[in-house]
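Structure record follows, encoded as structure tokens.
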Amino acid sequence: MSPAFHTLIVEDDPDIARLVALQVDSLQGSHHHVSQLGDAQAYCEQHPIHLLILDLSLPDGDGLAFCRRFRERDETTPILMLTARSDEVDRVLGLELGADDYLSKPFGLAELKARIKALIRRANHIHAQPSPTTVSLGQLNIDPKKHQAWLFQQELHLTAKEFELLHFLARHPGEVFSRLDLLEQVWGIEHDGYEHTVNSHLNRLRNKVEADPANPHLLETVWGVGYKLNADALQESSSEAKNT
């Protein structure tokens, strides 16, 4: 029987790599281990993978930079970061660059297994879903199949997470979502501590869709509650749209 999923483990500590591999095996997955980013890049170019488990500190480069490059060409494969870095900024930056979850070293094997299982389950759920919903809401049009969005007939140039965030809010116009809600729905993260990654993505998205990002009318803040997409703003004159 073929494995349920294939994992690329990028880790320069052989003991940690072995423990990660054992957890993948216990979930009926297969794995390939490399200890350098150059080898990881070559493997990704030649083999399909369903999960990337990535150490951030490697002998030939920075895992964060690799995470960004990987996500630019692959928007869906889950990325689990492993880090011994104590600085929370690195972990938040990893999530902003496209990682789906992280574990700080040292970590428990049960928690590692649970995180792997959750990422694979979410990925399978996404692939099993019907085709993503096309949105036509006033002057906002989103085509998820083409990964394109237009506001007042101007194409928006969005990162993968900016696109997902806008698409999610546009499918629920007028509804208010907390930062934790958006973390779970857009990033698939169910634990708190990373709400500021939502803030940074919203700020960048506002810079691309608002005429005046300092006074947003489309992506509104509901103070003390969360954020919503204001559908009424999509009926305004195209002259008020953000030039992109």
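What angle, in degrees between 0 and 90 and rounded to the nearest 10, separates the Cα long axis of helix 14-26 from the longest principal axis of the Cα atoms of the chain?
The angle comes out at about 70 degrees.
Along the Cα→Cβ direction, 7 angstrom out, place labels at SER200 and HIS217. What is the inter-label distance in nm?
About 3.0 nm, to one decimal.
Leaving out ligands and nucleic acids, note down the accessible area per residue over the chain with a 1.4 angstrom probe, in whole Å².
Ligands and nucleic acids excluded, the figure is 50 Å² per residue.
How much net charge surrounds PRO14 when only other residues with a Cβ under 15 Å from its Cβ are counted (Lys, Arg +1; Asp, Glu -1)?
Taking every Cβ under 15 Å from that of PRO14, the sum is -4.
In whole Hz, with x marking every Gly and Pro, tabulate ³J(HN,Hα) for region 90-104 from phi via Karplus 6.51 cos²θ - 1.76 cosθ + 1.60, θ = phi - 60°.
Result, rounded to whole Hz: 5, 5, 5, 4, x, 5, 5, 7, x, 5, 9, 6, 9, 9, 8.
On a 0 to 90° scale, report how tilted helix 109-128 is relative to the longest principal axis of the chain, with both axes built from alpha carbons and the result rounded to the nearest 10.
50
Please give the calculated 222 nm ellipticity per residue for the chain, where each DSSP H segment of at least 4 residues contributes -39500 (n - 2.57) and the sum is spread over every residue; nearest 500 deg cm²/dmol?
That comes out to -12000 deg cm²/dmol.
Which entry in [x] 0.98; [y] 1.03; [z] 1.09 is this structure's computed Cα Rg over 2.2 N^0.38 Å?
[z]
Counting only protein heavy atoms, what percent of the accessible surface of the chain is carbon or sulfur at a 1.4 Å probe?
Using a 1.4 Å probe with all protein chains present, the chain comes out at 48 percent carbon and sulfur.
Residue-wise, which Karplus ³J(HN,Hα) couplings in Hz belong to region 145-152, taking 6.51 cos²θ - 1.76 cosθ + 1.60, θ = phi - 60°, and x for glycine or proline?
5, 8, 6, 10, 9, 10, 10, 6
The values are calculated or read from the model by the stated rules, or taken from the named source; none is laboratory data. As the structure is a computational prediction, the values presented were derived from the model and not from experiment. Cβ: placed from backbone, ideal geometry, glycine included. Neighbour counts: every protein chain shown. These accessible areas exclude ligands, DNA and RNA; they are computed on the full protein's heavy atoms, side chains included. Shrake-Rupley method; radii C 1.70, N 1.55, O 1.52, S 1.80 Å.
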